[in-house]
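The structure under discussion appears below in the form of structure tokens.
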Amino acid sequence: MAVDIKKLFNEDLPAGMAKNADDAKTIGAKYQINVTGEGEWWIDATASGPVIKAGNDTADCTITIAAEDFQKLLENPQANGMQLFFAGKLKVAGNQMLAMKLQKLFSYK
């Protein structure tokens, strides 16, 4: 089932992070998520967060992915994440190890 990506980043994840604020801060990173055709979001999951806002800002890890591929990633993060990464459809800049922690963040939705 397709996820409304804008609703996910603008409503669902911010609400989930607010409910799990202390846990979200343990991720300890700032992310820039760029979903081609949908938008760009900056996520602060550090001690000063948690915050999600539309737009760009300085990040420890930047993820760039097409909307169609992002849907696949949400369906099965473990299997599809590696497959998309090695196919060049999931681009990670900065600290690539932090990309692995995103699964925890998306569990709050």
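In region 53-73, the residue that is nearest to D4 (Cα to Cα) out of those that are aliphatic (A, V, I, L, M) and over 10 Å from the mean Cα position of the chain (by Cα) is A67.
Scanning region 1-25 for residues that are among the basic types (K, R), more than 13 Å from V35 (Cα to Cα) and surrounded by 13 or more Cβ atoms within 10 Å (Cβ to Cβ) yields a single hit, K25. Evaluation of Y108 against the conditions (1) assigned to a loop (DSSP other than H, G, I, E, B); (2) surrounded by 12 or more Cβ atoms within 10 Å (Cβ to Cβ); (3) modelled with pLDDT of 90 or more shows that the sole unmet condition is (3).
The values are calculated or read from the model by the stated rules, or taken from the named source; none is laboratory data. Just so it is clear, the structure is predicted and the values come from calculations on it, not from any experiment. Quick reminder, even Gly has a Cβ in these numbers, built from the backbone with ideal geometry, and neighbours come from all protein chains shown.
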